[in-house]
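Note sheet for the following structure.
The values are calculated or read from the model by the stated rules, or taken from the named source; none is laboratory data. None of the values given here were measured: they were computed from a predicted structure. Neighbour counts are summed over all protein chains in view; Cβ atoms, including those assigned to glycine, are modelled from backbone coordinates with ideal geometry. Remember, those area values only see protein heavy atoms, side chains included, never the ligands or the DNA or RNA. Shrake-Rupley method; radii C 1.70, N 1.55, O 1.52, S 1.80 Å.
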Amino acid sequence: MSDCFHKTCWFLHVPKRGDEKFCVETVLRFVRSSNPVCLQRAVSVFTSYYQFSRPGVYHTPLVLNSLLAALLKAGFLSDIITVLQVSTAHNILPSPAFLLALFDYVGERDQSILPELIQLTSKMVDAGLGLNVDQCERVLHMFLQSPQYHPADSPENYTTKPGNHRSMNTDAPTPEALSLAHALVELCSQQEDWGRLGVVFRSICHSHRSLVDLQHFSGCVAIALLEGDKDRLALPFASFTETVYQETEDWDDGLIKSFLGRIGVSLMFRYHKTQQWAKGRRLVDVLSRLKVNYSTLKGLFGNEDGASRCHLITIATELFLRSDSVEGALNTLRDNEWFLSSCVWPCSVEDVAERTTVLVRLAEITSHRDTLEVLTNLPGLKEPADLADISIYGCLFNSHLKSCVDRQTVTVASDTLGFMLSKSLAVDPPLLHTLLHKLGKQNIWLRARALFKQALCLGYYPGVKSVPGSLALTVPCSLGEMEIALAFEMVLTFNATAILNTTGTPQSIIITLKRTGDRESEYLAAGSRLLSAAIVPNPKLTVHYTAVNSCQEQLFTVDTHTARRWLRHNHTWANEVWTHS
């Protein structure tokens, strides 16, 4: 033994294996002495014995704590580290009170052993050191604030990205900090202290330097939040994020918002999978309120990292929809601009199918105007057509159009019809006829003219023929009164020059009422509609029945005087409507 004064000594300074009683008695006897040399002998006896022998029946916490307390009082820090290294190897752990006192002493007087102490503390926590939440947070705080934890406050260890957000160096893992942090996460979870968990999360984000470790730590936080809310109405994530938000001076810190959002995304996936709709809805509410753009983030577990942005938005929408918040579902889609796919954020066939299913369900329970907005954002209608076969949407739109027509919401109905025509979605002809009739009856002529002209160009009125300059109009007997009136406007405008010409013999417009069926009664009723349609325009027209052609179709003429009068009143706007594409 180095501190023995005898050249030839008859005594064994190190107890033999199995002689634990002698070892313990020797250590305690030396500890009671105020002699520094005896105290160092106590360290030598303790470490030499327990390096090779496991603790037995004679070992008690009193032995270790007495030795450590005496060493701390004497300021023998390196000896304390030696003792702790040996004791921790056998899961012989000091009291939490001693550990805190040791950190305080080191922080105030001598930080040279701090790196070794931090590593030892991490091992002791892993070995089961019973720190409570306050103690664990205090140790972690001292660690994170220590100069040894920040050897690289120099520019080369941090980079700055646009927005002045700090970027983390992925080459500097610090497992000791994470070990303490994970222990603290467990304690917070056990005690359901989600506010404290938020403080820990913020501290780690502000001071940690490894993105890989921080992602792992965030995963532990997510698991703790999930385990803490089983079969309960409370949402731990709400209390957790509230603390993070309140304790963060610069809420625009991209790092914190990013990992907070990724935790939220993982929880969102879990709530959706387990059909906890109400909790999922509140979760998305929290993220939205804090302006965390969750749709552009990835989850922390398994295949969550491969989820598309479309899939995330669809899940968030369904969480609202399934929890009876139609407005929340709509706002989620609107806030994300009904996003579906892009070259940066591509979606899969399955994503498109899921979005379609959610939108169809949403369209079934919204108001007429909102339903139209939902339907117009079905996959493939605003994005490239290869995302979906839009022809299958015709039934949905016709059903909505019928509902609007039946309930007299003609403004929404006309917008629906206009969209269908613009996307070449097949329109049920009876709905087209009925809507134009209702628009005319309510004097919504501007919209009626636009829809009639659009439908005419798309072939919905194949029997209507009026060639400019021919002074002739053919109308099928299936047309309604308002549709015939619109056809009158069109033929008058096409032939305005000839009609308004006062030189020469006035020419009349000849109208042929074409047969489209075998029922004579229907054909005769169409003749009456044609005569009634003449009084719809303002000023009204005068139409005369003249004869029957070789096909037994009735012929009519428009009185030239009334035609000129109508044109003088309406030529300017009529020319703009009917002759311009």
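Points to keep in mind about this one:
- Test: residue in the stretch 298-305 that is under 16 Å from Leu226 (Cβ atoms), at pLDDT below 95 and open to solvent by 40 Å² or more (accessible area, probe 1.4 Å): yes
- Residue check, Ser258 buried (at least 16 other Cβ atoms within 10 Å of the Cβ), under 25 Å from Gly328 (Cβ atoms) and polar (S, T, N, Q): yes
- Among the criteria (1) open to solvent by less than 30 Å² (accessible area, probe 1.4 Å); (2) modelled with pLDDT of 75 or more, the one Lys123 does not fulfil is (1).
- Matching residues, the stretch 338-373, being open to solvent by 20 Å² or more (accessible area, probe 1.4 Å), among the β-branched types (Val, Ile, Thr) and within 22 Å of Leu401 (Cβ to Cβ): Thr356, Thr357, Val360, Ile365, Thr366
- If the condition is being among the aliphatic types (A, V, I, L, M) and open to solvent by 30 Å² or more (accessible area, probe 1.4 Å), then the stretch 555-581 contributes Leu555, Val577.
- Taking helices (runs of 4 or more DSSP H) as the structural unit, those lying wholly within the stretch 477-581 and holding at least 2 residues that are among the polar types (S, T, N, Q) and over 58 Å from the mean Cα position of the chain (by Cα) correspond to 520-533, 560-579.
- For the criterion of being open to solvent by less than 20 Å² (accessible area, probe 1.4 Å) and over 22 Å from the mean Cα position of the chain (by Cα), Thr376 fails.
- Filtered residue count, the stretch 70-115, keeping only those that are touching a Pro at 6+ places or on another chain (Cβ under 9 Å) and in a loop (DSSP other than H, G, I, E, B): 8
- You will find that of Ser44, Ser122, the residue that is closer than 25 Å to Cys136 by Cβ, among the hydroxyl-bearing types (Ser, Thr, Tyr) and assigned to a helix (DSSP H, G or I) is Ser122 and no other.
- Selection within the stretch 319-372 - of a type in the set (D, E, K, R), closer than 21 Å to Lys423 by Cβ and in contact (Cβ under 8 Å) with a residue 40 or more places away in the chain: Arg355, Arg369, Asp370
- Residue match in the stretch 93-115 (condition: of a type in the set (Gly, Ala, Ser), under 19 Å from Leu131 (Cβ atoms) and modelled with pLDDT of 90 or more): no
- The listed residue being open to solvent by 40 Å² or more (accessible area, probe 1.4 Å), under 13 Å from the mean Cα position of the chain (by Cα) and over 27 Å from His206 (Cα atoms), out of Asp324, Asp335: Asp335
- Within the stretch 396-445, restricting attention to residues that are polar (S, T, N, Q) and open to solvent by 50 Å² or more (accessible area, probe 1.4 Å), the residue that is farthest from Tyr461 (Cα to Cα) is Gln408.
- Pick from the stretch 379-395, criterion without any contact (Cβ under 8 Å) to a residue 40 or more places away in the chain and either among the charged types (D, E, K, R) or in contact with a Ser or Thr (Cβ under 6 Å, 6 or more places away or on another chain) (or both), ranking: surrounded by the fewest Cβ atoms within 10 Å (Cβ to Cβ): Asp386
- Residues that are in a helix (DSSP H, G or I) and in contact with a Ser or Thr (Cβ under 7 Å, 6 or more places away or on another chain) were ranked within the stretch 214-229; the one that is nearest to Gly261 (Cα to Cα) is Ala222.
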